[in-house]
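Visitor: To start, I am sharing the structure in question, which I have written as C-alpha cells.
The values are calculated or read from the model by the stated rules, or taken from the named source; none is laboratory data. Note that the structure is a prediction, hence the values are computed from the model and not measured. We place every Cβ from the backbone using ideal geometry, glycine too, and count neighbours over all the protein chains shown. Note: accessible area is taken over every heavy atom of the protein model, side chains too, but ligands, DNA and RNA are not part of it. Shrake-Rupley method; radii C 1.70, N 1.55, O 1.52, S 1.80 Å.
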Amino acid sequence: MRSRTLTRLAIALTGVALLGAACGGGDGDPEDVTAAFVLVGPVGDAGWNWAHDQGRQYAEDQTGAATLFVESVPENAEDFKAVAVDFIENEGADVIFGTSFGYMDPMLELSEEYPDVVFEHASGFKMNEANFGNFFGRMYQPRYLSGMAAGAMTESGQLGYVAAFPIPEVIRGINAFTLGVLETNPSAEVHVIWTFTWFDPAVEGDSAKALLEAGADVIAMHQDSTAAGVAAQDAGARWVAYNSDMRDFAPDAFITAPVWNWGPRYTAIIEAVAAGTYEPGSYWGGMDDGIVDLAPLADDVPGDVADQISDVAEQIREGEWDVFTGEIRDQEGNVRVAAGETLDDGSMLGMDWFVEGVVGDASP
C-alpha cells in the first residue's frame with residue numbers, strides 16, 4: 001500500500017539529531033526517500049499499530065517522503081524477510097521500520113545483506129555500527145501516572161492487568177503501574193494474567209473477564225485491542241487503556257491511557273536518511289521528548305489526585321525525579337532499589353522481577 005495524501009496530526013515536532021556516518025539518501029531532499037513500515041497487527045482505529053500508522057502519516061506529511069506499510073506480519077523471520085525484501089527490491093525502500101519486538105533478529109540479518117538500506121527497530125536492543133538502530137520510549141513514566149489515577153478509582157483495592165508477554169518491556173510497565181497505584185492506594189494489589197499474544201481480542205477480553213470475576217474493579221493492559229475495556233465496561237468496572245486514547249470504545253469505563261507519539265521520531269530518521277547523516281543508535285526518549293504521554297483523565301478522577309499527577313508529570317519532564325527511585329522492594333520483600341537511588345537504564349531494560357504489590361509470576 002502506498003500513502004500520498006494525508007491529514008496533518010496536531011502534534012509538535014521534536015527534532016532528534018542523527019549525525020555521523022552517511023547511509024542512504026544523500027541529496028538532502030526527504031521527498032526522494034521511500035520509507036516502509038512493517039506492522040504486527042491491523043491498523044484498526046486505536047492501539048499499537050494505529051499509533052505507529054499515525055506516526056507514519058505524520059512523517060510523510062512533514063517530509064514529503066513516500067511511505068509504504070503492510071499490516072499483520074507475524075513475528076517470524078520468514079514472513080518478515082519476505083515483506084522487507086519485497087519493499088527493498090520491488091519498491092525501492094531506503095529505510096525499513098520494524099515495529100514489533102519479534103522482528104529484531106531478521107532485521108539484523110537483513111541489515112547485513114542490504115548495507116545501503118537503513119533498518120530501525122521499535123522496542124529491541126540489537127544494532128550495528130552502520131545501518132541498524134533501535135528506538136523506543138520510556139512508557140514506564142506515563143504508566144506510573146496512570147497507576148496513580150487507577151489507585152484512586154478502585155473501590156475493592158484489587159486491580160487486574162492483562163499482559164501480553166513476560167519480557168522486560170511488559171514487566172517494567174506492570175511495575176511502574178503498580179508503583180503508581182501504591183502511591184495513591186498503599187494497600188491495593190495488581191493481579192496479572194499473561195495472554196502470550198499482542199493482539200487477540202477474544203483472549204484479551206476473556207482474560208479481563210477472569211480478573212473481573214476474581215474481584216478486580218479496575219483493568220489495565222499491555223495489549224493492542226480495546227477488548228479489555230469493553231469487558232470492564234460490561235462489568236461496570238473501570239479501565240486504563242494503552243497505546244492511544246481509547247475512551248470512545250468504552251467511555252463509561254475509561255480512566256486514562258499511556259499513549260505513544262511516534263511521528264517526530266520517524267520524521268527525524270527519514271530526514272537523516274535523506275541527508276546522508278544517519279547513524280544507528282539506541283534511542284529511548286521520555287515524556288520530556290514527547291514520544292510518550294498520558295491521555296487526559298476522566299472527569300471523575302478526584303481533583304486532588306489529578307493535581308498530584310500533574311505535579312509528578314512535571315517533575316518527570318524536568319528530570320527532577322523518575323519512576324524507579326527507591327526504596328523499592330520486590331515481591332519477596334527484598335530491597336531492589338535503595339532509598340534515594342534511581343535504577344539505571346540497563347537494569348530497567350533487563351527487568352525480570354515484580355515489585356511488591358504485584359500478584360503474579362514474572363517468569364511463568
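Visitor: Taking 1 over the mean of 1/r across every pair of different Cα atoms in the stretch 150-258, what Kirkwood radius in Å do you get?
Guide: The Cα-based Kirkwood calculation yields 13.2 Å.
Visitor: Just going by the charge dipole of the chain, with Lys and Arg at +1 and Asp and Glu at -1 on Cβ, which of Pro280, Val117, Pro74 is farthest out on the positive end?
Guide: Pro74
Visitor: Additional query: Against the longest principal axis of the chain, how steep is helix 201-213, in degrees 0 to 90 to the nearest 10, with axes from Cα atoms?
Guide: The helix 201-213 is inclined about 20 degrees to the chain.
Visitor: Follow-up. Report the residues of the stretch 57-81 in range of a label on Leu108: point 7 Å along Cα→C-beta, backbone N strictly under 15 Å from it.
Guide: Correct set: 77.
Visitor: Largest first, please: the extent of the C-alpha atoms of the chain along each principal axis, to the nearest Å.
Guide: That gives 59, 42, 37 Å along the principal axes, largest extent first.
Visitor: Using alpha carbons only, how many degrees (0 to 90, rounded to 10) separate the axis of helix 104-113 from the longest principal axis of the chain?
Guide: In the chain, helix 104-113 runs at an angle near 10 degrees to the longest axis.
Visitor: Another one. Among Asp352, Asp217, Asp248, which one shows the highest mean-square fluctuation when the chain is modelled as a Gaussian network with alpha-carbon springs under 10 Å?
Guide: Asp248
Visitor: How do the peptides 335-346, 76-87, 176-187, 231-242 rank, highest first, by the average count of neighbouring beta carbon atoms within 10 Å per residue?
Guide: 231-242, 176-187, 76-87, 335-346
Visitor: Would you work out which of Ala362, Gly326, Leu343 lies farthest towards the positive end of the dipole of the stretch 319-364, given +1 charges on the beta-carbon of Lys and Arg and -1 on that of Asp and Glu, about the Cα centre?
Guide: About the Cα centre, the residue reaching furthest to the positive side is Ala362.
Visitor: Next up: May I ask which residue of Gly215, Gln141, Ser310 lies farthest towards the positive end of the charge dipole of the chain, with charges of +1 (Lys, Arg) and -1 (Asp, Glu) on Cβ and the Cα centre as origin?
Guide: So the residue we want is Gly215.
Visitor: Hey, any idea what Rg/Rh is for the stretch 212-360, computing Rh the Kirkwood way over Cα pairs?
Guide: 1.01
Visitor: Compute the helix-to-body angle for 48-63: its Cα long axis versus the longest principal axis of the chain, expressed 0 to 90° and rounded to tens.
Guide: Helix 48-63 sits roughly 40 degrees off the main axis of the chain.
Visitor: If you don't mind, there's one more thing I want to ask. Accessible area per residue of the stretch 222-364 at 1.4 Å probe, in Å²?
Guide: That works out to 40 Å² for each residue.
Visitor: Nearest 20 debye, what's the magnitude of the dipole of the stretch 42-139 about its Cα centre given +1 on Lys and Arg Cβ and -1 on Asp and Glu Cβ?
Guide: In debye, rounded to 20, the stretch 42-139 gives about 440.
Visitor: Quote the charge dipole size of the chain about the Cα centre in Debye, to the nearest 20; the model charges only the Cβ of Lys and Arg (+1) and of Asp and Glu (-1).
Guide: Approximately 320 debye in magnitude.
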